[in-house]
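Enquirer: Could you have a look at this structure, given as structure tokens, before my questions?
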Amino acid sequence: MGKVVTNILIVDDSKYIRTVVKEKISQMLKANVFMAKSLEEANRFIRRNKFDIAILDVHLPDANNGEVIDLALEYDIPVIVLSSGINETIKNIVLKKDIVEYVAKSDPQSIAYIVKIVSRILKNREENILIVDDSKTQREEIKVYLEKLQLNIEEANDATEAIEIIKSKNISLVLIDYRLQGMNGMELTMLLRQTYTKDRLAIIGISGISSNEVATNFLRYGANDFIAKPFTYQEFSARINANLDLLDLFEENNRKTKEIEEAYKLFNNGNIIVFKWQRREDWPVEYVSESLRNILGYKPENFLNSTIKYAQLIHEDDLARVFKEVQDNSQQKVDSFTHQDYRLRHRNGSYVWVTDSTQILYDSSHKITNYVGYVTDITNQRERDKKLYNYIERFNLAIESSRDGLWDWNIKENTLFCSPTLLTMLGCMDGEIPQCSYSYLKAMIHPDDAMESQRQLDAHLKGNSDYFEIEYRVKTKSGKYKWILNRAKVVFDNNNEPERMIGFYTDVENRKEMELKLERMSATDSLTGLLNRHGFFERFKIFQKGALRFGRKIAILFIDLDGFKAVNDNLGHAAGDDILIYVANTLKATVRDNELCIRLGGDEFIIFIPEYNDKNELISLAQRLLSGFKEPLNLVQGKADVSL
């Protein structure tokens, strides 16, 4: 069977928007992109082609009220809506339709967001989601949202059904309600975590119980995220997509880990020598790996003190060619090149066939400073070149072409080799660090992470762990910190003393940002941007401890809105949302910087005062808040008479 082709339709009367969106999609995805500027053109395309997703403008010259959306939905095409602005009119047109997402063109980040959503929706067709809830009504409501996101859905009534489904099907994410018959949602989460890690199976807890303890315990028992009922489609879809994105990042990281482990095995078995030469006559050696002893029989110090020159080891029939290859590639200013195979003289007088992949290092003026060569012994394997080159290419991919940086620490001599990729990761060019030492890398670790890193390193050097593997922040040349994953393994000598340690830096900044984003989302009210109930109670514990320790007085003002239900009933929920946003903005503008505004849910708010001296301060704050709601509010939908 031929490969299935993805078809994407863009409909917008702006040629600029159509072109920019198409270019961005083409850069990120392999797809056929069709463009139309009117309902008539869109109709012709849709009747002749099967589309996987459509990006549609609400207002077109021949269809001003979203008719193109209805056309796409009639053909079961997932729809992302574009609009020049998201006002109440647009909301009334769009939100009544079964769309995936709507995006404002005026947002500078909208184009990138569209591409991200398109990519996510296309991936979602391969994702299986399990809903675990003993209420069929609740399951049906959640299914409606998941179907919009093009996800494959499985259902379970209780924990027993859920476990059987997960065993038999490739489930990516589980939505678990707290209240289940028999085993509750938290117990099921804890049971699943005994078998499935967070990078294999995402779990999101759901509950309508207004208790911060439920959310906290779900996360403590192993859930990736928690969503409180009731929730909007926008909040729900953002959290589902964010958790699936995080699973993708975990999968990519695991794939790269396997590649690095294979490269590490290849490097550590003695088949490769790493040389770093100066650009001077006879190529003085600045660094050579310990594998030199196994392959050529020499000690590294023979080269480092210039007792032996590298050029002296090259076979006389190969010497001129090797020099010419270096000269030609240096003149062409290439980043890297591979020599034709040549021979090096072993300490016992025999010759070893090698392949040499060399990187050329430049300073800030693009002048050559050094050469770094990965010299591989192929003496016993020349007849199996194809297999060997696969290993070499894999190694070069891991070391040269990826974002993973190699470091090789000679513990006894306290010398360290850092690959150019590692230095680039720290924002440095080769030569900017006078001496790349382990103490330098250690000094770059964030102070909050340094103690744990040292503890794990000490344990590994004592032989108490198979691998050294830890995530922490490192300081770059710009002064900013970035998250890296440091994986390494120590080699012991015949006396079981640490002799050498080889490791890799992997940039995990994007994954960490995604995890922090999920944490922020779980603590923030999606409508008003204020802290939610969960976020408030997490912070309250900290303030409470400080108040008890230092004898400070704290206070909480509980606020609800009079007349809010009437606004919802008479003017609609959109007007109610506008009221809640107005109240939130007013509260934030009224309180001091150290005071917190929280939306508990519905029309209930809290102001938390972490320190005050006299109750008159609280009375004054309450009076200022009340005075802001004496007059009716003028909304797009009409006047709203609400008060605190």
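The values are calculated or read from the model by the stated rules, or taken from the named source; none is laboratory data. Note that this is a predicted model, so its numbers are computed, not measured. Here Cβ is always computed from backbone atoms with ideal geometry, including for glycine, and neighbour counts include all displayed protein chains. What goes into the accessible areas is simple: the full protein's heavy atoms, side chains included, and nothing from ligands, DNA or RNA. Shrake-Rupley method; radii C 1.70, N 1.55, O 1.52, S 1.80 Å.
Enquirer: Highest mean first, what order results for 19-30, 526-537, 589-600 on Cβ atoms within 10 Å?
Expert: Ranking the peptides 19-30, 526-537, 589-600 by packing returns 526-537, 589-600, 19-30.
Enquirer: Tell me which of Ile556, Leu635, Tyr505 sits at the most positive position along the dipole axis of region 485-644, charges placed on C-beta atoms (Lys, Arg +1; Asp, Glu -1).
Expert: Of the listed residues, the answer is Ile556.
Enquirer: Turning to a different aspect of this structure: Please go through the residue pairs Lys276/Lys475; Lys30/Lys276; Lys50/Lys143 and name each one whose alpha carbons sit more than 30 Å apart in this structure.
Expert: Exceeds cut-off: Lys30/Lys276.
Enquirer: What size of dipole, in debye to the nearest 20, comes out for the chain about its Cα centre when the only charges are +1 on Lys and Arg C-beta atoms and -1 on Asp and Glu C-beta atoms?
Expert: 920
Enquirer: On average, how much accessible surface per residue is there in region 597-644, in Å², for a 1.4 Å probe, leaving out ligands, DNA and RNA?
Expert: 55
Enquirer: Could you state the angle between the C-alpha long axis of helix 509-522 and the longest principal axis of the C-alpha atoms of the chain, as a value from 0 to 90 degrees rounded to the nearest 10?
Expert: Its long axis makes an angle of about 20 degrees.
Enquirer: Determine the distance separating the Cα centre of region 490-508 from the Cα centre of region 434-480; give it in Å without decimals.
Expert: 13
Enquirer: A follow-up question, please. At a 10 angstrom cut-off on C-beta neighbours, averaged per residue, how do the peptides 204-213, 334-343 rank from highest to lowest?
Expert: 204-213, 334-343
Enquirer: Could you work out the equivalent-ellipsoid semi-axes for region 296-366, taking the square root of 5 times each eigenvalue of the Cα gyration tensor, largest first, in whole Å?
Expert: Values for region 296-366, descending: 24, 16, 10 Å.
Enquirer: Separation between the Ala547 and Asn302 pseudo-spin-labels, each 7 Å from Cα along Cα→Cβ, expressed in nm?
Expert: 7.5
Enquirer: Using 0.36 nm per residue, how much length does the chain from Val5 to Arg47 gain when fully extended, once their Cα-Cα distance is taken away?
Expert: Extra length available between Val5 and Arg47 comes to 13.4 nm.
Enquirer: Let me know the Rg and Dmax you get for region 39-87 when you use only its Cα atoms, in Å.
Expert: When restricted to Cα atoms, region 39-87 yields Rg and Dmax of 10.5, 34 Å.
Enquirer: Across every pair of different alpha-carbon atoms, what Kirkwood hydrodynamic radius in Å does region 144-244 reach?
Expert: For region 144-244, inverting the mean 1/r across all distinct Cα pairs yields 13.8 Å.
Enquirer: Two-decimal Rg/Rh of region 581-628 from alpha-carbon positions, Kirkwood Rh?
Expert: 0.95
Enquirer: Among Ser211, Trp277, Leu296, which residue has its Cα furthest toward the positive end of the charge dipole of region 196-348, with +1 on Lys/Arg Cβ and -1 on Asp/Glu Cβ?
Expert: The residue sitting most towards the positive pole is Leu296.
Enquirer: Here's another thing I want to ask about it. Using DSSP to call loops (not H, G, I, E or B), can you name the trypsin sites (Lys or Arg not before Pro) in region 452-487 whose Cβ has at most 12 other Cβ atoms within 10 angstrom?
Expert: Lys462, Lys480
Enquirer: Excluding same-chain residues fewer than 8 positions from Lys309, which aspartates and glutamates have a Cα within less than 20 Å of its Cα?
Expert: Cα-Cα hits under 20 Å: Glu281, Asp282, Glu286, Glu290, Glu301, Asp317, Asp318, Glu325, Asp341, Asp356, Asp377.
Enquirer: For region 544-640, just the Cα set please: Rg and Dmax, both in angstrom.
Expert: Cα-based Rg and Dmax for region 544-640 come out at 15.5, 50 Å.
Enquirer: Now for a separate question. Quote the charge dipole size of region 437-585 about the Cα centre in Debye, to the nearest 20; the model charges only the Cβ of Lys and Arg (+1) and of Asp and Glu (-1).
Expert: Result for region 437-585 is approximately 600 debye, rounded to the nearest 20.
Enquirer: Among the aspartates and glutamates, which fall within straight-line cross-link reach of Lys22, defined as a Cα-Cα distance under 13 Å, with same-chain neighbours fewer than 8 residues apart omitted?
Expert: Asp12
Enquirer: Over the Cα atoms of region 605-644, Rg to Rh with Kirkwood Rh, two decimal places?
Expert: Checking Rg against Rh, the ratio lands at 1.14.
Enquirer: Suppose R0 equals 56 Å. What FRET efficiency, 1/(1 + (r/R0)^6) with r the Cβ-Cβ distance, do Thr137 and Ser478 give to the nearest 0.05?
Expert: 0.55
Enquirer: What's the FRET efficiency of Ser210 with Lys630 using the Cβ-Cβ distance as r and R₀ = 41 Å, to the nearest 0.05?
Expert: It comes to 0.85.
Enquirer: Quote the convex hull volume per residue of the chain, based on C-alpha atoms, as a whole number of Å³.
Expert: Cα-based convex hull of the chain, divided per residue, equals 233 Å³.
Enquirer: Let me ask something additional. If each DSSP helix of 4+ residues adds -39,500 (n - 2.57) and the sum is divided by the residues in the chain, what number results at 222 nm, nearest 500 deg cm²/dmol?
Expert: -13000 deg cm²/dmol
Enquirer: Write down the Å³ per residue value for the convex hull defined by the alpha carbon atoms of region 1-78.
Expert: 82
Enquirer: Also: What spacing in nm lies between the two simple spin-label points modelled at Ile368 and Leu319, each 7 Å away from Cα in the Cβ direction?
Expert: Placing both labels 7 Å beyond Cα along the Cβ direction yields 1.9 nm.
Enquirer: Roughly what % of DSSP beta bridges within the chain run antiparallel, to the nearest 5?
Expert: 65
Enquirer: Among the listed pairs Lys24/Lys489; Lys517/Lys588; Lys512/Lys553; Lys462/Lys517, which have their C-alpha atoms separated by more than 30 angstrom in this model?
Expert: Listed pairs above 30 Å: Lys24/Lys489; Lys512/Lys553; Lys462/Lys517.
Enquirer: What is the percent carbon and sulfur in the accessible area of region 499-605, measuring with a 1.4 Å probe over the protein chains and ignoring ligands?
Expert: After summing per-atom areas, the C and S share lands at 51 percent.
Enquirer: Per q in 0.22 1/Å, what log10 I(q)/I(0) does a Debye calculation on the alpha-carbon atoms of region 295-336 return?
Expert: -0.84
Enquirer: For region 460-562, what is the convex hull (Cα atoms) projected area averaged across all directions, in square nanometres?
Expert: 12.4
Enquirer: Which listed residue (Ala42, Ala54, Leu29) has the Cα farthest towards the positive end of the charge dipole for region 19-59, taking +1 on Lys and Arg C-beta and -1 on Asp and Glu C-beta about the Cα centre?
Expert: Of the candidates, Leu29 comes out farthest on the positive side.
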